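The values are calculated or read from the model by the stated rules, or taken from the named source; none is laboratory data. As the structure is a prediction and not an experimental result, all values here were calculated from the model. Reconstructed Cβ throughout: ideal geometry from the backbone, glycine too, with neighbour counts over all protein chains shown.
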Amino acid sequence: MNINTYVKEIKRCRNVLRKNRKKFWSVNKKNFAGNIKKIIKTQKSPKGWKIYIIASRFLSDKKILPFDYDSWSGVNLIVATKKQGFEIMMFFNRDRAEFLSIPGLIPLVIHEFKHVKQAAKSPRNYVKAITDNKISRNLEEEAESDIKKLSAEFRKEAVLENILYCYDIGGWKTAQKMASFMYKKREEIYGGGYQKEIEKEEFKVFLDAKRNKDINIFTDFFRI
């Protein structure tokens, strides 16, 4: 299946988000692992590499929210020699993304899958990024460029779902933290190279919805 097939799902998601979000989040959480696998199946895996996929959460004494530092997902090299084999692990953090629909998950999964390709193409360079901010930034910029090749509606869906979920679990304060992370803080994490997830006009609409205490002002902005 081509990734763009899921564009058709977005209109249905937008309609549901205006009405019964509680069920929407519940269904997404239940199907999280399967949804990730569906998205990955649309991608071409590096030949000769074994890819392990983990969908889980960290053992933690505190509740981790989607905008918290400990909500990261990532791709790690396990082994990369003829003797040991060629294996890569993808980790998707449930605390960060399990509530997202398939269209909402797509930017995250495509970003991480680009790292799989990078690690397979040049294992030594990928490992160097751990201690070299310049290499890390270059790899992140490259991963972000793959998201830009997608329909813009996938990014918008991720923005809408992330902020609405945070609103539903913690009100305006939690939604504001998510919106601010997507608008400002994301660019600063790790070695850099990440893009804003929410555009300036979208962020302004969120602030207007907050001032008017009406989340539907934000939701309606994304209707298609």
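Laid out as a table, the results:
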| read-out | value |
| --- | --- |
| Segment 108-141, residues that are exposed (fewer than 15 other Cβ atoms within 10 Å of the Cβ) and among the acidic types (Asp, Glu) | ASP132, GLU141 |
| Hits in segment 1-55 - residues which are in contact with an Asp or Glu (Cβ under 7 Å, 6 or more places away or on another chain) and of a type in the set (D, E, K, R) | ARG21, LYS29, LYS50 |
| Helices (runs of 4 or more DSSP H) contained in segment 1-63 and holding at least 2 residues within 17 Å of the chain's Cα centre (by Cα), closer than 30 Å to ILE215 by Cβ and of a type in the set (A, V, I, L, M) | 7-17, 32-40 |
| Which numbered condition TYR194 misses (of (1) modelled with pLDDT under 95; (2) more than 18 Å from the chain's Cα centre (by Cα); (3) surrounded by 15 or more Cβ atoms within 10 Å (Cβ to Cβ)) | (2) |
| Hits in segment 78-107 - residues which are touching a residue at least 12 places away in the same chain (Cβ under 8 Å) and either of a type in the set (Val, Ile, Thr) or surrounded by fewer than 20 Cβ atoms within 10 Å (Cβ to Cβ) (or both) | ILE78, ALA80, GLY85, PHE86, GLU87, ILE88, MET89, PHE91, ARG94, ASP95, ILE102, ILE106 |
| Qualifying helices (runs of 4 or more DSSP H) (wholly inside segment 73-135; at least 1 residues being among the acidic types (Asp, Glu) and touching a strand residue (DSSP E or B) at 6+ places or on another chain (Cβ under 6 Å)) | 102-121 |
| Some residue of segment 142-154 being surrounded by fewer than 20 Cβ atoms within 10 Å (Cβ to Cβ), in contact with a strand residue (DSSP E or B) (Cβ under 9 Å, 6 or more places away or on another chain), in contact (Cβ under 8 Å) with a residue 40 or more places away in the chain and part of a helix (DSSP H, G or I) | no |
